[in-house]
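Structure first, then comments.
The values are calculated or read from the model by the stated rules, or taken from the named source; none is laboratory data. Here the structure is a predicted model, which means the values were calculated and not measured. Because the Cβ atoms are built from the backbone with ideal geometry, glycine has one as well, and the counts that use them run over all protein chains shown.
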Amino acid sequence: MKEKVSFTLASDVLAEVDRNVGKGSSRSAFIEAVLRAYFKEKVRQALNARDAELMNRYADYLNREMEDVLQYQAPLEYSTED
């Protein structure tokens, strides 16, 4: 459902909107797309921050696990003789 709203923009901002509105589109559609992208980015940043916090919280444990796993890795041997 669409809601009609009214707001005021600085003339330079409105000019930039007009320069970026594609053919066959409208200011409203452009502004809606920009706002959707903004909100999507905010969610992504929040998820990334949460993931970073979890990785930092468990970094010591994860590093110990990786050291243990690497002990089971077979050594790689390279031969320069062909």
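May I ask you to list the residues in the stretch 15-49 that are in contact with a helix residue (DSSP H, G or I) (Cβ under 8 Å, 6 or more places away or on another chain) and either at pLDDT 95 or above or in a helix (DSSP H, G or I) (or both)? Hits for the stretch 15-49 are V17, D18, N20, V21, R27, F30, I31. What are the residues in the stretch 12-71 that are of a type in the set (V, I, T) and either more than 19 Å from the chain's Cα centre (by Cα) or surrounded by 11 or more Cβ atoms within 10 Å (Cβ to Cβ) (or both), if any? The answer is V13, V17, V21, I31, V34, V69.
Of all residues in the stretch 1-41, exactly one satisfies the criterion of being aromatic (F, W, Y) and touching a residue at least 12 places away in the same chain (Cβ under 8 Å), namely F30. Considering T80, T8, the condition of being out of contact with any strand residue (DSSP E or B) (no Cβ under 7 Å at 6 or more places or on another chain), modelled with pLDDT of 95 or more and exposed (fewer than 10 other Cβ atoms within 10 Å of the Cβ) is satisfied by T8 alone.
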